[in-house]
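Read through the structure below, which is laid out as structure tokens, and then see the notes.
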Amino acid sequence: MQMFRTVCVLVLAGMSFAAVSSNPSVQDEVVADEITPKLIPQPRKVELQTGKHRLTPEFRIGVESRQFAQLGKYLRSRLILATNYDFDVVVGEGWSKVSGLRLHIDERLLDTLGEEGYRLTVSKRNAEFLAATPTGLFYAIQTYCQLLPPEIGAKSVQRGIDWVAPCIKIEDVPRFGWRGMMLDSGRHFFSVDAIKAFLDQMARHKMNRFHWHLTEDQGWRLAIRAEPKLTEVGARRSETPILSDRNNGDGQPYGGFYSQEDVREIVAYAAERHIMVIPEIEMPGHCQAALAVHPELSCTGGPFEVATRWGVHRDVYCAGTDETFHFLARVLTEVHDLFPAPYIHIGGDECPKDRWKDCERCQKRIADEGLEDETELQAWFIQRMKTWLNARDRQIIGWDEILHDELAPNATVMSWRGVQGGIAAAKQGHDVIMSPTSHCYLDYFQSKNTEGEPPAIGGYLPLKTVYAFEPIPAELTEDEAQHILGAQGNVWTEYIATPEHMEYMSWPRGCAIAERVWSAKDVRDFDEFSVRLEAHLARMKVLGVNFRAPKTTD
Ligand code: ACM
Ligand code: ZN
């Protein structure tokens, strides 16, 4: 076989592969394409070199400093199960002399690589992982693993595999700092193991924000020590709508919640993967499970049961009683202790005003505070919570319904009802996370032909549409665009009851989101992405992820 000898430099900016080698022959180009690694998300700059890098049992892992020794162990853990090669990890002195994989931080590269970028230089006998921070090194490891055969992801020894990667130089930085996925644990409960698997998938795609929707009408999933009934009562519903017939219940009690130990375990697991966990505690709406425990926090006094039907429920926290705010303070005090993220998401979406209109206490609040109407009362509610959280070093995030003229700029807005809310918020000086239903709602069907598809909430969001998403709307000036922190995929789970189904809905549409938020803006050729995705699906298959294979008829 003709060997690939020309040093062929491929700068992958978008769909165009600019072969910068001097006069490469057609043959070389063909070979180059065969060995060009199929990476997702596509890095900024890839220079293919001649030759092959072969992982062998003699390899060692050298880690420059004890401060990120953990990353050496993590890299080892990503390689050892499939290869059964017992790599030594050398930390500190002698690290740079090892033959094999070397992890090194140079803080002077902060200007070039930022907090999350990296350089990866893979040569025949070594691979150098270089970044300005441990996070950058973590992402270099993700890329390195994608260079190896997909079987590297196997959890058992794979015999007869030649563990080769192309010799290559990669320099990579993300486009956005917020690269997220949201999971709704309220409608259905997902085990700690299922969430860890989800976090692993996110990390492999260099995603770094796990927005965890923890409270809903149909279930309160977070243990609060000061309020044990929230999970004793609020985490269980008497039945669930039948998947194929949303107006009828299945008659089966359903429940589940996360203990505080579970939460700490998940937060730590995520942190090891450089993922921030942002809890969402919904208010003033989507709170019927809490009202089932505390009917006195409603406008009518109840009684209520944990909701057994989906949709938007009318009973919400009464904004007229201070008890509501005392209760939320008790909850958020513990949320604050559990989650180190600088943000707490307080929901704010889909809060019907019917009860507030008929409630004496809410009407008195409107009068006392000189508010115009119930819409202003909602803004007042959000502002009160924001003040409380800001005094405790936390910023709020809310769905785009929180946007209001009076909202102080340090509230971050999550644009879901299209991108208009995000545009308005960015123009008002708010940070924005884009997650419009049009491109980011992963609970929608992925095919026009829904026959043979598992249930979905409705809608139609094929992979191609997700891939076409652009988080920065053309309406924004360059300065305003600085407020777009990034984007996220939302996995709402009314119709998703199992981890398998959750994975089916999340991947590969999550791969498309990962590329939108990590890769350069002009990396947008869906056909070219599809070629890389085919190789990427082989990786997910080895990992046992229940992704949905895209079809041309989608
Ligand atoms: C939402 O989908 N209600 C934020
Ligand atoms: Zn009220």
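The values are calculated or read from the model by the stated rules, or taken from the named source; none is laboratory data. Note that the structure is predicted; figures quoted are calculated from it, not measured. Quick reminder, even Gly has a Cβ in these numbers, built from the backbone with ideal geometry, and neighbours come from all protein chains shown. Keep in mind that these areas ignore ligands, DNA and RNA; they rest on the heavy atoms of the full protein, side chains included. Shrake-Rupley method; radii C 1.70, N 1.55, O 1.52, S 1.80 Å.
Some values worked out for this structure:
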quantity: Label-point gap, in nm, between residue 154 and residue 268 - each point 7 angstrom along Cα→Cβ; calculated: 3.2 nm
quantity: Over 29 Å (Cα to Cα) - which of 124/206; 124/464; 52/464; 196/427; 124/551; 427/521 fall in this group; calculated: 124/464; 52/464; 196/427; 124/551
quantity: Cα→Cβ-extended label distance, 7 Å offset, between residue 246 and residue 107, nm; calculated: 5.3 nm
quantity: Potential lengthening between residue 417 and residue 392 on full extension [0.36 nm per residue; Cα-Cα distance subtracted]; calculated: 6.0 nm
quantity: Accessible surface of the chain [probe 1.4 Å, protein heavy atoms]: carbon and sulfur percent; calculated: 49 percent
quantity: FRET efficiency for residue 474 and residue 326, using Cβ-Cβ distance with R0 set to 56 Å, rounded to 0.05; calculated: 0.80
quantity: Estimated vicinal HN-Hα couplings, Hz - the range 107-123 in sequence order (Karplus 6.51, -1.76, 1.60; Gly, Pro = x); calculated: 5, 5, 7, 3, 4, 8, 9, x, 6, 10, x, 7, 10, 10, 10, 10, 10
quantity: Length released on extending from residue 364 to residue 481, taking residue separation times 0.36 nm less the Cα-Cα span; calculated: 38.1 nm
quantity: Per residue accessible area in Å² of the range 222-367, where ligands, DNA and RNA are left out and the probe is 1.4 Å; calculated: 40 Å²
quantity: Label-zone membership for the range 347-377, site residue 424, 7 angstrom Cα→C-beta point, backbone N under 18 Å; calculated: 347-353, 372-377
quantity: Theoretical FRET efficiency, 1/(1+(r/R0)^6), r = Cβ-Cβ of residue 535 and residue 451, R0 25 Å, to 0.05; calculated: 0.30
quantity: Local electrostatic count at residue 378 - Lys and Arg +1, Asp and Glu -1, tallied over other residues with Cβ under 10 Å; calculated: -3
quantity: Calculated FRET efficiency for the pair residue 546/residue 73, C-beta based, R₀ 41 Å, to 0.05; calculated: 0.90
quantity: Summed side-chain charge close to residue 255 - residues other than residue 255 whose Cβ falls under 15 Å, Lys, Arg +1, Asp, Glu -1; calculated: -2
quantity: Potential extension, residue 81-residue 232 segment - 0.36 nm per residue separation minus Cα distance; calculated: 50.3 nm
quantity: Cα-projected label distance for residue 375 with residue 357, points at 7 Å along beta-carbon direction, nm; calculated: 1.4 nm
quantity: Residue 261 accessible area, assembled protein chains, probe 1.4 Å, Å²; calculated: 110 Å²
